[in-house]
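Working notes, beginning with the structure itself.
Derivation of every value follows stated rules applied to the coordinates shown; laboratory data play no part. The structure displayed is predicted, hence computed values, not measured ones. Cβ atoms come from the backbone with ideal geometry, glycine included; neighbour counts cover every protein chain shown.
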Amino acid sequence: MKYLKYSLLVLSLLFLSLNFIDYNIVEDDEPLLLNEKFDASLLKLNSLQKLETYVDSIAEVKKIPQGSLGYAILAKNVISDRFYHKYATQNLDENWIASVAQKTTGLFLSSKITADDILTRPYGYCGQQNMVLFELLEDKGLNCRVVFWPKHFAIQSYIDGKWTYFDSNLEPVIADEQRVNEKWLHSPDSLAIAYNKDSKWVSTTFGNPVKIKYGKIDEKPGAHALLFQKITKVLSRIAFLFPLLWFVYLTRKKNNTCSQPLQANYPPQE
């Protein structure tokens, strides 16, 4: 019983301390700088509101109407410069339960999902960078949908009556009018031309492009993971209470037992 009690106390202290450890157990140590345009000065844009205000200010100076194709391209360019390519997940002090769950299961349980969460990092992978653009354009009243390949993730926004393609992470070298042509998205050769790469790169980066899939309009992926993170974030903060309360219960139970008077085993009186 003694060892159990003190094990519970140690476990409680461990659970509490994890909330103060600014360390990531999931991500690789070395950054992968695929985006050579990365601008560290934009790291001050660490929330969707700040990012949107910054893009709006540039659009106002350049007289670019909000909700237009020009505005969407401007927002894409800013986001592309704001990040470099690397997978962003929760640190232990952000949500240690989600971090440990992903480390042990291999599932994407601690991935940063919302724009505000993603913008706390200087990096993000394709889905994360493009989801920041998705949320920004959505705030401007534009409908968006995700474009899925087996190994890549981009978005389209419905602008001027047409679905228009954007990829903040691996921006293709295409003219504005080509953004509304969906046919080339399904062809390995046209993808190679659009991204100025060879077919091997397309296969490695996109997987099999023929298996392209469009998400539902205005549906953000990762809803279940986000719910899991919201729940586990709260549990991460209070988990230390469970072993602590058990420790207190066992201690009080022992004290109550010791404080009870001993009953003498006398024979009954006649």
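Brief remarks on what is shown
- A simple rule links phi to the HN-Hα coupling: the Karplus curve 6.51 cos²θ - 1.76 cosθ + 1.60 with θ = phi - 60°, which for segment 90-101 gives 6, 6, 4, 6, 8, 6, 5, 5, 5, 4, 5, 4 Hz, with x for Gly and Pro.
- The label-point distance for residue 250 and residue 29, in a model that sets each label 7 Å from Cα toward Cβ, rounds to 3.7 nm.
- Gyration tensor verdict on segment 43-200 (Cα atoms; rounded if a/c is under 1.5, prolate if a/b is larger than b/c, oblate otherwise): oblate
- Modelled FRET efficiency - R0 51 Å, residue 183 with residue 241, Cβ distances, 0.05 increments: 0.35
- Base-10 log of normalised Debye intensity for segment 114-228 (one unit scatterer per alpha-carbon) at q = 0.23 Å⁻¹: -1.42
- Top positive-direction residue, dipole computed over segment 61-202 with Cβ charges, set 180, 170, 61: 170
- Where labels lie 7 Å past Cα in the beta-carbon direction, separation of residue 10 and residue 43 in nm: 3.8
- FRET efficiency, residue 217 to residue 116 (Cβ-Cβ, R0 22 Å, nearest 0.05): 0.50
- Annotation: amide H-H contacts under 5 Å for residue 159 (H modelled 1.01 Å from N, sequence separation of 5 or more, or interchain): 164.
- Part-to-part distance (alpha-carbon centres) for segment 192-261 and segment 19-95, which is given in Å: 22
- The phi torsions of segment 135-146, fed into the Karplus equation with coefficients 6.51, -1.76 and 1.60 and a -60° offset, translate into couplings of 5, 5, 5, 4, 4, 8, x, 9, 6, 9, 8, 8 Hz, rounded to whole numbers, with Gly and Pro shown as x.
- If R0 equals 41 Å, the separation of the Cβ atoms of residue 151 and residue 63 corresponds to a calculated FRET efficiency of about 0.60.
- With Cα atoms, 0 to 90° folded angle of helix 48-61 axis to the chain main axis: 20
- Rh (Kirkwood; distinct C-alpha pairs) - the chain, Å: 21.7
- Pairs beyond 22 Å (Cα-Cα), from 2/253; 140/216; 37/103; 86/140; 112/230; 112/220: 37/103; 86/140
- The packing ranking of peptides 13-19, 131-137, 218-224, highest mean first, is 131-137, 13-19, 218-224, where packing means the average number of other beta carbon atoms within 10 angstrom of each residue.
- Distance distribution P(r), segment 53-137, all Cα-Cα pairs, bin width 5 angstrom from 0: 3, 15, 22, 18, 15, 11, 7, 5, 3, 1, 0 percent.
- In this structure, the amide hydrogen of residue 84, modeled 1.01 Å from its nitrogen in the peptide plane, lies closer than 5 angstrom to those of 123, 124, counting only residues at least 5 positions away or on a different chain.
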